[in-house]
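Read-outs throughout are calculated quantities, based only on the coordinates presented, and are distinct from any laboratory measurement. Predicted model only: the values in this text are computed from it and were never measured. Here Cβ is always computed from backbone atoms with ideal geometry, including for glycine, and neighbour counts include all displayed protein chains.
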């Protein structure tokens, strides 16, 4: 399997996308994720402290309490456009494998400092080579997860400080300006869902 890291998190025209990239292949693996998972990943990468744990913080706390270590995450298949992943854990010398959505697996792996792996076959099937022109004026974050975790202060220039809500508001303002009112309404609803999630936490 090939080791990959989170290198970008951005908002596309159809939702949030996390890019996984490794040193052994020029292709990146783009995975569409939900707004809540995007927020969870962005908050952790930006070292944002919350008064109460998010779902993925709670999952890590439970693993720690049960003395169960997340050894790695494997993103190993795609069917009908849906990616599949597994958590590989160790508890008292026993290996435990558990099916998991890639978005949850990624958010949890960042908190547990666990490596992420994928297969060469999956990169050949779903990987893409991206450059800056592919993103146009879409707001995106260069996250470089490992560097951001261990050298946050040193690498602040790599981390876009705007939250997923800020990104959505920017796109909503643009949609209103361009009189794309259906898009603006859809973005408004997404903003309300994110704000509601944040309020509950």
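Arranged from fewest to most other beta-carbon atoms within 10 Å of their beta carbon, 31, 88 become 88, 31. With the alpha-carbon atoms of region 1-130 aligned to their principal axes, the span from lowest to highest coordinate is 40, 34, 27 Å, starting with the largest.
Taking the number of other C-beta atoms within 10 Å as the exposure measure, put 129, 96, 116 in order starting with the fewest.
Numbers: 129 9, 96 13, 116 24.
Taking fewest neighbouring Cβ atoms as first place, the list is 129, 96, 116.
The packing ranking of peptides 168-175, 108-115, 65-72, highest mean first, is 108-115, 168-175, 65-72, where packing means the average number of other beta carbon atoms within 10 angstrom of each residue. In this label model, residue 62 and residue 91 are separated by 1.1 nm, measuring between points 7 Å along each Cα→Cβ vector. Here the peptides 57-64, 18-25, 78-85 are ranked by packing, the mean other Cβ count within 10 Å, and the order with the highest first is 18-25, 57-64, 78-85.
Ranked by the mean number of other Cβ atoms within 10 Å of their residues, highest first, the peptides 177-186, 38-47 fall in the order 38-47, 177-186.
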